[in-house]
Amino acid sequence: MAEPGLPPAQRAPALVFAGFLLLVASSAAVLFSEKLGTGPAAVRDFYLGSEARFTGPRSLAGLLETAVPHLLAIPLAIFAVSHVVAAAGVLGAARLRWLTRLSFALALLGVAAGFGIRWLAPWLAWAKVAAFLGLEALLLAWSALLAAAAWPPPRPASAGRAGRQEPRRQRRRRLHAPLGVDEQRLGPGGGGEREPGRAPLDHHGLR
Amino acid sequence: MRFLVDPGAGRLARARAPVRAFLAFAALAVLAHLLQRASGGGLSAEEVELHYLGAAPGEGLPRAALWEELHAGAFLYGFLLFMVGALLPTCRLRRAAGQALFAAAVAASLADLGAPFLVTALGGAGAVRVATTLLAPLALLAAVGAILATFGAGAPPRPERARG
């Protein structure tokens, strides 16, 4: 298995992409608070109109104007970043799948919630706020994962001879084995285990 | 997409046609962006200042509009820079030249994103925005051109260099 991380030549583009993702996320946060407001009530007023703010309900054309570019841009960004993170191998397959699905789901919820507030149920403003905050958090997470892919952690001193990182479970088993016997070196029956009809191995792996 | 982070010879060979098409569209997008700016007066310092600061105090562009510009620009530049940066190491360009080109494109793009805030903060400096309007697309187009030269009809891409 290859070490996690990107090839050296591909690290700078990944870091730059992570930086620009952070710019997108931070500017989105500013825009959300400036235009929609900072809570569900303000978000509801934005979509349904407010006498206090002298605003009317949002039109379909106005909602589509925001929704259409986001329906392309957000999935494209998630698609690209998830592929890079997957190829770099910095995250387990299950976690990666979970993170990707959650990102796509929150992106869809964020876009759909605006239409929902306007024409279905005003309480969906809570969903809009939750989806936005969740997607912001996930964009930060994706950026961090890209940075981790570009800056692989230093190889631990206990790494194997072939330069491979020792799996955590294997290392724990080795450390807890009697007299610190290296199970990998001993093979089956090592670490104080007894094979039927044979004497146990000593800490050199010999009988 | 995977060949961007693990560009083996086979993957690069298979990716040549779609990469060429992508680069052609990227170049068109950058040119259209430049044309859009130019047609809106983006190549004149006075027009730029009028656009952001307004004809009189208090008539300038609202803060949200500046952030909207940054939001859209960060996605566009970020995505293009990632693609271009991942493809540049496979080019026949010298490694240092490729790195310098990528660094210039990143710096020019960041400057272009920040220029509107500079104009409103200083109450002028429209010339800075004019400069970044030209520099960012030029740097991106130069990088796209360098990659096209490799992924076009010329010599095959160099996977061993892309792996660093």
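Residues checked against (1) out of contact with any Asp or Glu (no Cβ under 8 Å at 6 or more places or on another chain); (2) within 13 Å of another protein chain (Cβ to nearest Cβ); (3) among the hydrophobic types (A, V, I, L, M, F, W, C):
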site	(1), (2), (3)
A:L6	yes, yes, yes
A:A12	yes, yes, yes
A:V24	yes, yes, yes
A:D45	yes, no, no
A:G49	yes, no, no
A:V68	yes, yes, yes
A:P75	yes, yes, no
A:L99	yes, no, yes
A:F104	yes, no, yes
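In region B:142-157, the qualifying residues are those that are modelled with pLDDT of 65 or more and either in a loop (DSSP other than H, G, I, E, B) or crowded, with 17+ Cβ neighbours inside 10 Å (or both), and the one that is farthest from the other protein chains (Cβ to nearest Cβ) is B:G152.
Only one of the numbered conditions (1) more than 10 Å from chain B (Cβ to nearest Cβ); (2) surrounded by 13 or more Cβ atoms within 10 Å (Cβ to Cβ); (3) not in a helix (DSSP H, G or I) is not met by A:R53, and that is (2).
Considering each of A:L76, A:L15, A:L48 in turn, give the residue that is surrounded by fewer than 18 Cβ atoms within 10 Å (Cβ to Cβ) and over 18 Å from A:W126 (Cα atoms). On inspection, the qualifying residue turns out to be A:L76.
Within region A:1-58, restricting attention to residues that are within 27 Å of the chain's Cα centre (by Cα) and of a type in the set (S, T, N, Q), the residue that is nearest to B:L88 (Cα to Cα) is A:Q10. Tell me, please, whether a residue that is more than 8 Å from chain A (Cβ to nearest Cβ), out of contact with any Asp or Glu (no Cβ under 6 Å at 6 or more places or on another chain), surrounded by 22 or more Cβ atoms within 10 Å (Cβ to Cβ) and within 17 Å of A:P8 (Cβ to Cβ) can be found in region B:103-118. No: region B:103-118 contains no residue that is more than 8 Å from chain A (Cβ to nearest Cβ), out of contact with any Asp or Glu (no Cβ under 6 Å at 6 or more places or on another chain), surrounded by 22 or more Cβ atoms within 10 Å (Cβ to Cβ) and within 17 Å of A:P8 (Cβ to Cβ). Does region B:97-108 include one or more residues that are farther than 21 Å from A:A18 by Cα, outside any loop (DSSP other than H, G, I, E, B), more than 15 Å from the chain's Cα centre (by Cα) and not basic (K, R)? Yes, some residue in region B:97-108 is farther than 21 Å from A:A18 by Cα, outside any loop (DSSP other than H, G, I, E, B), more than 15 Å from the chain's Cα centre (by Cα) and not basic (K, R).
The values are calculated or read from the model by the stated rules, or taken from the named source; none is laboratory data. Everything numeric here is computed off the predicted structure, so don't read it as measured data. Here the Cβ is made from the backbone with ideal geometry for all residues, glycine too, and neighbour counts use every protein chain on show.
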